[in-house]
Each structure stands twice: as structure tokens, then as C-alpha cells.
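Worksheet: the structure to be examined is printed underneath.
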Amino acid sequence: MDLQTLGQLLNTTLVFSTALIFASLGGIFSERSGVVNIGLEGLMMFGAFAAAVGGYYAQDAGMGEWAPWIGVLCAMAVGVLGSLIHAVASITFKSDQTISGTVINFLAAGSTLYMVKLLFDGSAETPLIDGFNKVAIPGLSKIPVIGEGIFNSYPTTYLAIVLVIVIYFVLFKTPFGLRLRAVGEHPSAADTLGVKVNRMRYIGVMLSGLMAGIGGATITLTTTGTFGHNTISGQGFIAIAAMIFGKWNPLGAFGAAVFFGFSQAIRNYVQLFEWSKDIPQEFIFMIPYVLTVIVLVAAVGRSAAPKALGQPYDPSKR
Amino acid sequence: MNKFKKIFTTDSYIIPFVAIVLGFLVGAIVMLLGGYDPITAYSALFTRVFGNLYNFGEAVREMTPLMLTGLAVAFAFRSGMFNIGADGQVMIGMTAATVVGIKFAALPGFILVPLAVIIAGVCGGLWAGIAGYLKAKRGINEVITTIMLNWVALYLSNYIVRAFLLLPGQNRSEDIPASLSMTFLNSLFDNARLHWGTAIALAAAVFFYVYLWKTKQGYEMRAVGYNPHAAEYAGMNVGRNVVKAMFISGVFAGLAGAGEVLGVFHYQSVFAASPGYGFDGIAVALLGLTHPLGVVLAAILYGTLTYGSAGMSFAADVPPELIRIVIGSIIFFIAAQGIVRWVLKPFYFKRKKEKVL
């Protein structure tokens, strides 16, 4: 494998990782505040749908290269709206968080495809749109391998990488992050200190909708160009896995997301390796999932979930 | 009679019922917003399922794997675990049943079929058991392991079918001689693909109930699910219970897989993507409030709605995806019982007043 192919492999890896990075960062916001979010899959679906539709109409209105950004904005808005269902059920009505997350997955699958058929004359897929173009960063993109791999990517990929660092900083170095984490670890103590538990949790869940929405948008605006029933197909669950694998830490989740992205990218390149001819392709596809389990067994061990994860907050039970 | 009346007026029965009504209402509103006629659509849905024997039989066929995967997810839930991996366990069960059915085809049917079903169940159980074991021994979150195992199961099944069982030139296995079909019922139902898996599913529901509520082991399992720390303090082996619960959960899912390949398709395809049985199972388990009777009823409801949704799109042009909105809303209202209680409040008030009079 030559250096150029290596750069392309790195590039494809990042393209596939981007959506997972956004969604798992979203999951971290929600779960750090103490609300399980099994609905990431549905929230990504909302985002992918909104981006496809918003992007299509913006392109139609002649907005040119700004159209995908309109798509992203729509995805953020719809993601937040979708996450509110989860927030209302699980925070205000204290229902089981796993259940209301599952509700999101169902409502998203149903309503997005229903809307697609309604808006586009019974078609099962949105019309193809242009989406984002790759942007080469002057100078840096000339570095061998890394230039081709990292500095010649979609704007969403740059955004994802920047957000990993920003969110790490916000979560661990700012008062807001401290409050969010406190609410997920020990809500009654946080309440005693004057933190509004439910309000923080609403913010956490809404941020998860926002981020997962962008994640879904990335898929339609960089990889598929359309939204249909199999646009997301399990990415949200992989994002959950990435979040847990990364121990609810943005840097860890980033690493895990890149790992899963690599596993998707390697399929496009696997025939370039001479040794791969003797191994059935299924085993190569399996590697990341088996490896994840092995890494968990060997190194990571017990998951460090936020202590109050999954428990509705009831002030009377202090 | 009084006892009967009491069953249907307690909260746990009223709330699902009201949730179902509210779910249908939400669906109707969504249809009206989309410019469709909800009455035509809903009546087409039910006519498709109950209109003729063939479709009714097919709807029952559709309910069968839902019951088993619903039971699988519910059983794990009762023991304090979230089994997202029913999908993979179904695939492993399918593959095991296919392998046994094809490779041991020389055996007489009355040995071959039960053998294939049992091995499918055991393999599904062992597959889920991996996640249980890793949780018990290493504290690894079962959500992540079961998601990973779903993918591994998908590729492993595809590999086994492609490498050992392939019908030349096709993307599926050879035909399986072993069969769970109920021939006498098939002809009765106009060749609907009814099979013995339905009986297995109902038996599994009975087993679920008896095991969990009538045996000591079941009591331990519920105790561990309710509060693992208290259970451990009471001298129960939490780890062993976790593994056992996941195993039984996986057996249910594996049996669902056996029913699908031995009773419905009679061969196994190479899957392009996960077939989604497990995710339907999550919905069914939640709709059924993780109680075996509830799960059976929920599978009937879920199967009716999904099978009937095709009729809805023929007759009223409503996209069948609408039914997912209805199901999602029903689960939402069951989960957010506060909303349902709020809707019911005026009725409760009235009833109390009548009592005073």
C-alpha cells in the first residue's frame, strides 16, 4: 500500500467517523446529566432527514454552496425538537428513560419516512442533493499522508474535531460542565447547592438532540446525498457503543468513533492487501466489533457510567 | 365476576388501553395533517388482517417471532439487563437451525426437527450468554457487548451460509428439509405459512411466567433485577443469575430464529443488513410492560398493526410508516403514565363521586 492510498484510507476513515463523533458527543451530554439516551439512532434519523429536506429546498432556492449549511441548521432544530419528546417523558413525567429513548427511535423512523413520501410524491427517498465539498487547508494539505488524510476533508469533519476539544473543555473545565456532571452523579447534592437538576437535564438532552442531529446531517450531506430508510441503519447504536467504549469522555468517544469509522473505511480498501485474499471478507468486517469486546475485556473493564444514570430525580426522596 | 371486573379496572390494565386509544388518535391526527382519511385507513388496516383466512394466518405468522423476541427482551429486563442483542441471537438461532437442518438431513423428521429447534435455542442462549458472562465477570456494560455481538452474528451467519450451505449461484442456503410448518393448518388457511413456532412461542410465555413467579430460581432472578446489591447481601449469587438470565433470554430469541427458517422461509438468506427482529422485540417487550401475558398481547397488537399497515397503503394510500408513529405514540403514553393519568383524571373523579352516593 503506497502513501497516497494510506492518506485516502485515513480520509475515508474520518468521513465515516464524523457522524459517529457528533452523535456520541451528543450522547455524552445527555448521559453525563443522568439521562440514558438510547434514542441517538432516532435523533440521527431526524437530523439526516431534516438536512436532506432543508438542503434540497435551499438548493432549489438557489443558495448554492450555503445550502448544505441550511441543511445542518434544519437538522439541529429538528434534532432538538425530537429530543424534547425524550426530555418531557423522562424528566418531567419521570418515565423509564430506556422506554422513552426507544420511543424516539420509533417516532423518528415512522415520521421521517412518512414525511418523505408526503413531500416527494410517494417516493421512498429524498431527491439527490449536492452536499458539502471537501475543503483543502492551504499549506497543511501538502503534508504527505496527513495532508491528504486530515487537511483535505469536509467542513463537518473539521467541525467535529474542533468540537471534541471544545466539549472536553466545557465538560471538565467550566462551571456549566461541573453542574452538568454533578446532576448526573449526585442530583440531590447538586440540588442542595442550588443547581436546577431538571433544567440541567433538559439542557443535556437537548444538546444531545442538537449534536445527534448534526451527526445525521453529516451522513446525508457528505456520504449519501439522500435520505431513505437505510440511511442511518445502526449508526446511532454504534455511537452509543462509542460513547460507552470511550467512558463518557469526549476524547475517548472520539477515539472509539474513529476506530469504528476505520472499520467501515477498511472495506473499501481491503482488496488492496495481498493477505486479504485468503480471509473471507466477513471476518474482516467482524474485526472492529470483536476487537471492541476484546479491548473492553483486556484493558477497560468496568464501565464508569455516571452514578445517577437512568434515575429520574425526585426531590422528595432526598 | 367481581374479580374479573377488578382486573379490568385496575390501573395496570386501564393505562395500556387508554395509551392504545391515544396512540391511534395521534396516528389519525398525523393522517389528517397529511391529507389522508384516517377512518378509511384504519378500517383498511383491520380488514387486511381479519378480512380473509390467508391474511389472518400470515398475520399470526408475523406475530410469532415478535412474541419470542419480546419475551427475550422482557426476560432480560426483569433481571435488570437491557438486551439490545436479540437481533443477533435470532440470527445465530436461524443459522444453527439451518446448519442442523441441512447437515443432518438424513435423520428422520421427528428427531431432526426437535434437534434443530433445540440447538437453535441453545446457540441463541450461548450467544447472549457471552454478554451475560462479560457483565458478570468483568462488569462490561451489556448494551455495548450486545450491540457488538449483533454485528458479529450478522457476519458470522453470512459467512456460514456462504461457505458451507450455499445454493450455487444464489445468495441463500440450500433448501432445508426439516420443517416446522403445520401442513393441516396451512391448507385450512389458504396456504398461509403458519408453523409450530407459534405454539413454541406460547409455551415460552407460559415458561416465562411459571419460572419467574413460581420457582425459587425465578424469585432470585427478580430480586437481582430489582436490586442487585440487596440480592447479593441476601446471599444470592448475582453473577450466576446474570449469566442465566441472559442465557434464557437468548434461548427465546434463538427459538424465534428457528421458527423463521424452519417454519416460514425453509432456507436462509445472506443478509445485507441486520433484519431488525430484535428492535421490534424491544418495542413489544415495552408495550407488554415486560409481563409474559402483556408481551403476547403486545405481539398480537404489533403484528396486527405492521401486517395491516400494507392494507392501509393499498386502500387509502397512507404510507405504511405511519404505523410506526402509532406504535411509538402508544409506547410513549405507556411510558409517560403521568400524561395518561392526567387525561383520565376527570373520569376518576366522577367514579369516586358515584361511590359516595
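The values are calculated or read from the model by the stated rules, or taken from the named source; none is laboratory data. These numbers were taken from a predicted model, which means no experiment stands behind them. Heads up, the Cβs are rebuilt from the backbone with ideal geometry, glycines too, and the neighbour counts pull from every protein chain shown. We work out accessible area using only protein heavy atoms, side chains counted, and drop any ligands, DNA or RNA first. Shrake-Rupley method; radii C 1.70, N 1.55, O 1.52, S 1.80 Å.
The tail of the calculated P(r) for chain A beyond 26 Å holds 48 percent of all Cα-Cα pairs. Surface composition of segment A:241-306: carbon plus sulfur atoms hold 67% of the accessible area, using a 1.4 angstrom probe and ignoring ligands, DNA and RNA. On alpha carbon coordinates alone, what is the Rg over Rh value for segment A:203-318, Rh being the Kirkwood radius? In segment A:203-318, Rg relative to Rh is 1.06. Here the sum of -39500 (n - 2.57) over DSSP H runs of 4 or more residues, divided by the residues of chain A, equals -21500 deg cm²/dmol at 222 nm, to the nearest 500. Length, then width, then depth: along the principal axes, the Cα atoms of segment B:1-126 run 56, 35, 34 Å.
How tilted is helix A:40-60 with respect to the longest principal axis of chain A? Cα atoms for both, answer in degrees (0 to 90, nearest 10). On a 0 to 90 degree scale, this one is about 60. For B:317, B:280, A:96, the ranking by accessible surface with the largest value first comes to B:317, A:96, B:280, using a 1.4 Å probe. Mean partner shielding of peptide B:312-325, defined as the number of other chain Cβ atoms within 10 Å of each residue Cβ, is 4. The 3J(HN,Hα) values that the Karplus relation (6.51, -1.76, 1.60; θ = phi - 60°) gives for segment B:48-62 are, in residue order, 4, 6, 9, x, 9, 5, 4, 5, 5, x, 5, 5, 4, 4, 5 Hz. Gly and Pro appear as x.
Summed over both chains, the accessible area lost when A and B associate is about 4000 Å², using a 1.4 Å probe.
Structural descriptor for chain B: relative contact order 35 percent, calculated from alpha carbon pairs under 8 angstrom and at least 6 residues apart. Our helix-only sum for chain B, with -39,500 (n - 2.57) per DSSP H run of n ≥ 4 divided by its residues, gives a mean residue ellipticity at 222 nm of -26000 deg cm²/dmol. For segment B:278-292, the Karplus equation 6.51 cos²θ - 1.76 cosθ + 1.60, evaluated at θ = phi - 60°, returns couplings of x, 6, 4, x, 4, 4, 5, 4, 5, 4, x, 6, 6, 9, x Hz by residue, with Gly and Pro reported as x.
By the scheme Lys and Arg +1, Asp and Glu -1, what is the net charge of all other residues having a beta-carbon under 12 Å from that of residue B:133? Net local charge, residue B:133 excluded: +4.
Tilt of helix A:197-218 relative to the longest C-alpha principal axis of chain A, in degrees (0 to 90, nearest 10)? So the helix axis and the longest Cα principal axis differ by about 10 degrees. Using C-alpha pairs below 8 Å separated by at least 6 residues, the relative contact order for chain A is 37 percent. Calculated on the Cα set of segment A:37-85, radius of gyration then Dmax: 11.4, 38 Å.
Please build a GNM for chain A, connecting alpha carbons under 10 Å apart, and tell me which residue among A:261, A:34, A:147 fluctuates the most. Evaluated over chain A, the most mobile residue of the options is A:147.
Can you work out the Karplus-derived ³J(HN,Hα) for every residue in segment B:116-130? Use 6.51 cos²θ - 1.76 cosθ + 1.60 with θ = phi - 60°, whole Hz, and x for glycine or proline. In residue order, the calculated couplings are 4, 5, 5, 5, 4, x, 5, 5, x, x, 5, 4, 5, x, 4 Hz. The angle between the Cα long axis of helix A:97-119 and the longest principal axis of the Cα atoms of chain A comes to about 50 degrees, rounded to the nearest 10.
The radius of gyration of the Cα set in the protein assembly as shown, together with its Dmax, comes out at 25.2, 89 angstrom. Note that segment A:185-304 presents 40 Å² accessible area per residue, ligands and nucleic acids not counted, probe 1.4 Å. Seen from every direction in turn and averaged, the convex hull around the alpha carbons of segment B:175-329 projects onto 12.3 nm². Look at the stretch A:234-241: the mean tally of other chain Cβ atoms within 10 Å of its residues' Cβ atoms is 5.
In terms of packing, defined here as the mean over residues of other Cβ atoms within 10 angstrom, the peptides B:240-252, B:90-102 line up highest first as B:90-102, B:240-252. Ordering of B:326-336, A:191-201 by packing is B:326-336, A:191-201, highest average first (other Cβ atoms within 10 Å, averaged per residue).
The spread of Cα positions in segment B:119-209, taken along each principal axis and listed from longest to shortest, comes to 52, 44, 18 Å.
Short-range pairs are left out: with C-alpha atoms under 8 Å and at least six residues apart, the relative contact order of segment A:207-297 is 16 percent.
Share of carbon and sulfur in the accessible area of segment A:42-179 stands at 69%, probe radius 1.4 Å. A 1.4 Å probe run over the protein chains yields, for segment A:47-144, 44 Å² of accessible area per residue, whole-number rounding. Among rounded, prolate and oblate, which fits segment A:103-173 when a ≥ b ≥ c are the square roots of the eigenvalues of its C-alpha gyration tensor, a/c under 1.5 means rounded, and a/b larger than b/c means prolate? Judged from the Cα gyration tensor, segment A:103-173 comes out oblate (a/c at least 1.5, b/c at or above a/b).
Sorted largest first, the principal axis extents computed over the alpha-carbon atoms of chain B equal 74, 59, 38 Å. Hey, can you find the accessible area per residue of chain B for me, probe 1.4 Å, expressed in square angstrom? Each residue of chain B exposes 44 Å² on average to a 1.4 Å probe. Could you compute the net charge surrounding residue A:246? Neighbours are other residues with a C-beta less than 13 Å from the C-beta of residue A:246; K and R count +1, D and E count -1. That works out to +1.
Counting protein heavy atoms only, segment B:86-152 has 76 percent of its accessible area on carbon and sulfur, 1.4 angstrom probe.
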